[in-house]
Amino acid sequence: MRSAWTIAKKELKAYLYSPVAYVLAAFFLLVSGFFFYNILAWANEQTVRMMQQGYPAEYLDINQMLFQPFFGNLAIVLIFLLPLLTMRLFADEKKTRTEELLLTSPVRLGAIIAGKYLAALIVYAGILLLTATYSLFAFAYGNPDPAPLLTAYLGLFLLGAAFIAVGLLASALTENQVIAAGVSFSAILLIWVLSWVGEGGPGAWRPVLAYLSFFSHFKNMAGGVIDTQDVVYFLTFSFLGLYLTRAVFEFRKWR
Amino acid sequence: MIQVEHLTKKFAETVAVREISFTVDKGRIWGFLGPNGAGKTTTMRVLTGYLPANEGRALIDGIDVAADTRAVQRRVGYLPEVVPVYGELTVKEYLRFVAELNGLERRKIAAAVERAVERTNLQPVYGRLARNISRGFRQRLGIAQAVIHEPDVLILDEPTIGLDPAQIIEIREMIRAFRGSATVILSSHILAEITQVCDGAVIIKEGRLMATLTREEWGKSLEIVAAAPLAGELAAALAQAFPAVAEARCDGAVLKLEFRQPPSDLNPILSWLLGRDVRIREIKAGLEALYMKAVLAEEGRAS
């Protein structure tokens, strides 16, 4: 545990001493801020129109009109963002040959992987937390229900955790960061759209593909619904990513 | 102590190391000598647990590397061929990180870092980013990280490569200081380096063990190269005149001598030769002669 934290601290320094984390956070906030603004403008327009047509106020749900689509968009941005955050994790160690230091130290392989995963998770959580400032505006000028918001953030965090696990695995496969990012981006995108494939595919496979898709599990949480099944899915997925990363190292040793 | 027993390491189709065996006794410094691509780095990587062996085994202080890799890694300090430095950390942060990696207790880390810095004279760059330090300091930093946890065994892959002569001498001094306190194995393709620093040498070529030599052995042999071919009787006369010489042979212009004990003073022999009008062009230390013999013998057998 202590050695995993040693690795995580070093990785956090690598993120924070270089412009990577700041630039990624800035782009993420720029893009997500743009989405928030647009969706808010749309929600306002809708609200005014519905009021004019005499709909009762109970029909207007800010969670549903603003936050659910907003979080859906955030998830899409993450598909682009997180591969960029994770691409350096192992690829860079291989390129600079520092990997040899880690793998000949008495630290367990599992602790090295866990430490790197933890560091990326912490940076991601920090970036995610910054988007909470948008919600503060919603609370200042309206009265959204906080519970679904927290659920959606938990969903985003778990979704990101799974993306990072995919990114970590991709980074372990190559010493080229661009390839690592490309592999993880494609893998995440494909798993995301598995549910669409499921809709058009042969009947028996539909539920299986839908179950494997990130999208199917995230859409409920974005709407504020916690289902243990979804939480278990994300945790299992993340664990599988870390496990396969470990397998990559074991395999490479014998090649 | 380092023991290597019938070690074989294959990569896909190629055999990088074939059936190598040698032993380095505790507190000794041994050299690992061979042309580039001979399998030096591969053997060292097996010793540090970075690569698994296909056959045979390696033991560090009696512990099998394959059986208890982590116990071995705690005892070993390793300087890889490319110094594994994180450019974004300062020298101080980097050494603290390596100390933590090696499981040093928190309260002992500061002292360990300080000791490693003192030993390798890193004080001038202590607060600098590792990516900004010069090659010589980088190599010293590599040695500092290898010794930070006071390992019993040090494995140094080409510790002086790419350094200028002054820096090479400095690094050699550092390595010599470990004699007695740690078992050291260092790789090199510079013969002079091995004769100056090491108690023994393992010579490998194309993954095969060519010879194991001790300082005793190479200290006993010597080659004197003359400017012109020598008469055969000269060797016999010399062996008769000097009882310390066990064997003398003339091979063209080269006079090959084997001593009973490593000689302390060559002057009597040299003046004897000068007295017989032998114009001496070069004196080759023993290891060079033995190295050439070991490597050439193989080539002779192959052809």
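Readers should treat all values here as calculations from the given coordinates under stated rules, not as data from a laboratory. Small disclaimer: the values here were computed from a predicted structure and weren't measured.
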Query raised in the report: When N is the residue count of chain B, what does its C-alpha Rg come to as a fraction of 2.2 N^0.38 Å?
Result: 1.15
Report task. Please list, or write none, the lysines whose alpha carbon is within less than 18 Å of the alpha carbon of B:LYS256, excluding same-chain residues fewer than 8 places away. Result -> B:LYS220, B:LYS284, B:LYS293
Query raised in the report: If one puts a single equal scatterer on every Cα of the stretch B:1-137 and applies the Debye formula without solvent, what log₁₀ I(q)/I(0) results at q = 0.09, 0.14, 0.19 Å⁻¹?
Result: -0.35, -0.79, -1.14
Report task. Please express the Cα-Cα pair-distance distribution P(r) of the protein assembly as shown as a list of whole percents, one per 10 Å bin, running from 0 to the bin with the greatest distance. Result -> 3, 15, 20, 18, 14, 11, 8, 5, 3, 2, 1, 0, 0
Query raised in the report: How many lysine pairs are close in chain A, with Cα atoms under 21 Å apart and the two 8 or more places apart or on different chains?
Result: 14
Query raised in the report: Taking amide hydrogens as modeled 1.01 Å from N in the peptide plane, which residues meet the under 5 Å criterion relative to B:ALA16, leaving out close sequence neighbours?
Result: B:LYS9, B:LYS10, B:PHE11
Report task. Output ³J(HN,Hα) for the stretch A:86-100: one whole-Hz value per residue in order, computed from phi by the Karplus curve 6.51 cos²θ - 1.76 cosθ + 1.60 with θ = phi - 60°, and x for Gly and Pro. Result -> 9, 4, 7, 3, 9, 4, 5, 4, 6, 5, 8, 6, 6, 3, 4
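Can you tell me how much longer the chain between B:GLU13 and B:ILE169 gets when fully stretched, taken as 0.36 nm per residue apart minus their C-alpha distance, in nm with one decimal?
Values: separation 156, 0.36 × 156 = 56.16 nm, distance 3.97 nm.
Between B:GLU13 and B:ILE169, full extension yields an extra 52.2 nm.
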Requested in this report: Measure out, as a whole number of angstrom, how far apart the alpha-carbon centroids of the stretch A:179-197 and the stretch A:54-92 sit.
Outcome: 17
